[in-house]
1. Could you grab me the full set of residues in the range 280-325 that are assigned to a strand (DSSP E or B), buried (at least 18 other Cβ atoms within 10 Å of the Cβ) and of a type in the set (A, V, I, L, M, F, W, C)?
2. List the pairs whose first member sits in the range 295-308 and is within 10 Å of the ligand (Cβ to nearest atom), whose second member is hydroxyl-bearing (S, T, Y), and whose Cβ atoms are under 8 Å apart, counting only residues at least 6 apart or on separate chains?
3. Does T145 fit the bill of being away from the ligand (no atom under 16 Å from the Cβ), surrounded by 12 or more Cβ atoms within 10 Å (Cβ to Cβ) and in contact (Cβ under 8 Å) with a residue 60 or more places away in the chain?
4. If I ask for residues that are of a type in the set (D, E, K, R), part of a loop (DSSP other than H, G, I, E, B) and either farther than 20 Å from L53 by Cβ or touching a strand residue (DSSP E or B) at 6+ places or on another chain (Cβ under 8 Å) (or both), which ones from the range 145-174 would you list?
5. Please state which one of E167, E179 is touching a Phe, Trp or Tyr at 6+ places or on another chain (Cβ under 6 Å) and of a type in the set (D, E).
6. Name, by its number, the condition in (1) modelled with pLDDT under 95; (2) of a type in the set (A, V, I, L, M); (3) near the ligand (Cβ under 6 Å from one of its atoms) that does not hold for V257.
7. For the range 204-213, does any single residue satisfy the condition of being within 16 Å of the ligand (Cβ to nearest atom) and either touching a Cys at 6+ places or on another chain (Cβ under 6 Å) or assigned by TED's automatic domain parsing to the domain that holds V72 (or both)?
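The values are calculated or read from the model by the stated rules, or taken from the named source; none is laboratory data. Predicted, not measured: the structure shown is a model, and the values here were computed from it. Virtual Cβ from ideal backbone geometry, glycine too; neighbours counted across all protein chains shown.
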Amino acid sequence: MGKKVLALGEIRDGELRNVTFETIAAAKQVAGDGEVVGVLLGEDVSEFSNELLYYGADRVVKAEHYNLGNYVTDAFTQVFSQVVEAEEPEAIVMPHTSPGKDMAPRIAEKLKCGLISDVVDIEGSEEDATFTRPIYSGKAFEKKTVTAGTLFVTIRPNNIPALEKDEGHTGDVSSIEVEVNDLRTVIKEVVKKTSGTVDLAEAKVIIAGGRGVKSAEGFKPLEELADLLGAAVGASRGACDAEYCDYSLQIGQTGKVVTPDLYIAVGLSGAIQHLAGMSNSKVIVAINKDPEAPIFDVADYGIVGDLFDVVPALTEELKKVTAEA
Ligand SMILES: Cc1cc2nc3c(=O)[nH]c(=O)nc-3n(C[C@H](O)[C@H](O)[C@H](O)COP(=O)(O)OP(=O)(O)OC[C@H]3O[C@@H](n4cnc5c(N)ncnc54)[C@H](O)[C@@H]3O)c2cc1C
């Protein structure tokens, strides 16, 4: 029979994030023969509606309000709750990103339903859908099913592949009137701390520096390589504590959890708390001058050497390859 599934899109810094398409793909699988309703929340989201259809949504619901320009817990939770009330879905899929992680438990509490968070794989569909999620800081995985109530999951970016874009796929786009009341927080201005263009959580390639980079200046070779690869730059807590970079770059147990296709760990030892945030990356390359560094235990490829020789050499080689291509 199929399920009616809401798939929440994510707009940040005026851009529709790729995780939106992965969320739709996950929703499609859960829905089986049912309907996937793409949901967009924001101040003005019209320009993104078709993209949701192209990536597989059967129809799109927009909820626009001037209080939704930036993510604010109260406003987004209120508005998404109203969409859920109007649509009465049997399942909800959200990105496991900062806004998704913040909003999902609140919505689940309102609906009095369970929540399976941080899903990295889905097998089966509808009633038989089984969700895999990492536990114990990624050292093990558990599989869960939902036996009662609204099925509600958040999906980790970069794990569930988006469907092929099909610009011929059309569907209904409608708006829902929403109210935002009694906001406890209103954002007046957003001052960005980092200027990185690629979001860490969603990046396909990450170059992370540790205390081995020795200074803020020491991140420069990493940034140059990142520019070339279209990668995001991350860091160990060692590098953040030493004030070589901002804490927003920290990856690990108390930082961001990432699963890129390629993770290049540079001058970081691979402490257990760091591994908790990156060990599920698809391919790990480690560059460290200490052959005994624990990062080599999880690396697929290791380069033993001084990062200040190895990283520029890699950049030069890659420049040659890109120039030839
Ligand atoms: C409760 C708790 C939570 C934590 N959460 C996190 C977290 O979320 N993320 C995190 O990263 N850490 C976290 N930590 C800290 C963690 O335990 C480590 O202290 C930290 O990860 C070490 O950072 P590092 O690898 O950069 O530094 P180090 O351990 O000092 O390693 C530096 C590495 O650089 C190499 N190196 C030095 N110079 C060069 C060079 N020129 N070329 C090549 N290699 C070089 C060295 O051989 C060494 O392996 C946490 C700790 C605790 C107690």
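1. I284, V285, A286, I287, I303
2. Taking only residues 6 or more apart or on different chains, the pairs are I295/S269.
3. So T145 does not fit the description; no.
4. Hit for the range 145-174 is R156, nothing else.
5. Of E167, E179, the one residue that is touching a Phe, Trp or Tyr at 6+ places or on another chain (Cβ under 6 Å) and of a type in the set (D, E) is E167.
6. (3)
7. No, the conditions are met nowhere in the range 204-213.
Each row is one residue, and each column tells you yes or no for (1) out of contact with any His (no Cβ under 9 Å at 6 or more places or on another chain); (2) crowded, with 18+ Cβ neighbours inside 10 Å; (3) at pLDDT 95 or above; (4) farther than 20 Å from A129 by Cα.
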{"site": "R12", "(1), (2), (3), (4)": "yes, no, no, yes"}
{"site": "E22", "(1), (2), (3), (4)": "yes, yes, yes, no"}
{"site": "V45", "(1), (2), (3), (4)": "yes, yes, yes, yes"}
{"site": "E87", "(1), (2), (3), (4)": "yes, no, yes, yes"}
{"site": "P95", "(1), (2), (3), (4)": "yes, yes, yes, no"}
